[in-house]
Amino acid sequence: MPTISGPPGRWEALGQALQRKRTKIDPSYRDRSVFARELGFNDRLIADLERARRHSYRDTTLSAIEMAYRLREDAISRFLEGETDEIEDADHSPEPSESADADPQPVPEAPGWDGEIIGPDAPLREGEELRWRDEFGRRTFELTVRGLSFEAGLEAGSAPEDVIGDLRRTLAVRVAQVSGDLLRSHTGS
């Protein structure tokens, strides 16, 4: 698997930026172990990354990290290569318009679904797609980010803006779990 590396000074700056970003996402994430546990990461991995103990990681690991820290795709490699002096958030979406509070209307191009929103339309970020359908007294959502999809059945009538945060976190946990499984299968553990 490809790895991403960079000079030690950039890793230290990245680690500090990730620490700030983690606590900005949720004040309860001041405790790194809470962040790691809730998003399905090994606490040591997060500690090593934030403290710049290692200077090389698999690209799949960093992709999962970008999702967990709500960063733009390839934000870490761009930062390490010096293309940017700041890690870039995934949510460079414009301010919500007045109509953002209205229920999104069904999109005819989504057969089998009752509605669809494609980012960066609120409440989504660039590169995200959210679809939903009502069936059997439940609302099923499908979140797709960077070609990875996650489907969840939730309470009927759940609004996209009320569930998007939980869907993002759950998708990030699943990506982390799959990355861990792949790593173990390659190392024979």
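See the values below:
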item: Residue selected from the stretch 21-78 under the condition closer than 18 Å to Gly127 by Cβ and among the hydroxyl-bearing types (Ser, Thr, Tyr), by the criterion nearest to the chain's Cα centre (by Cα); result: Tyr69
item: Whichever residue in the stretch 70-94 is assigned to a loop (DSSP other than H, G, I, E, B), small (Gly, Ala, Ser) and surrounded by fewer than 20 Cβ atoms within 10 Å (Cβ to Cβ) and, among such residues, is modelled with the highest pLDDT; result: Gly82
item: Yes/no for Ala17 being on the phi > 0 side of the Ramachandran plot and either in a strand (DSSP E or B) or in contact (Cβ under 8 Å) with a residue 40 or more places away in the chain (or both); result: no
item: Any hit, the stretch 28-44, residues being closer than 17 Å to Arg78 by Cα and polar (S, T, N, Q); result: no
item: Selection within the stretch 133-159 - under 24 Å from Glu73 (Cβ atoms) and either exposed (fewer than 15 other Cβ atoms within 10 Å of the Cβ) or not β-branched (Val, Ile, Thr) (or both); result: Phe141, Glu142, Leu143, Arg146, Gly147, Leu148, Ser149, Phe150, Glu151, Ala152
item: Verdict on Ser185 being at pLDDT below 85, out of contact with any Pro (no Cβ under 9 Å at 6 or more places or on another chain) and not assigned by TED's automatic domain parsing to the domain that holds Ala36; result: yes
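The values are calculated or read from the model by the stated rules, or taken from the named source; none is laboratory data. No experiment lies behind these values; they were computed from the predicted model shown. Don't worry about glycine lacking a Cβ; one is built from the backbone with ideal geometry, like all the others, and counts go over all protein chains shown.
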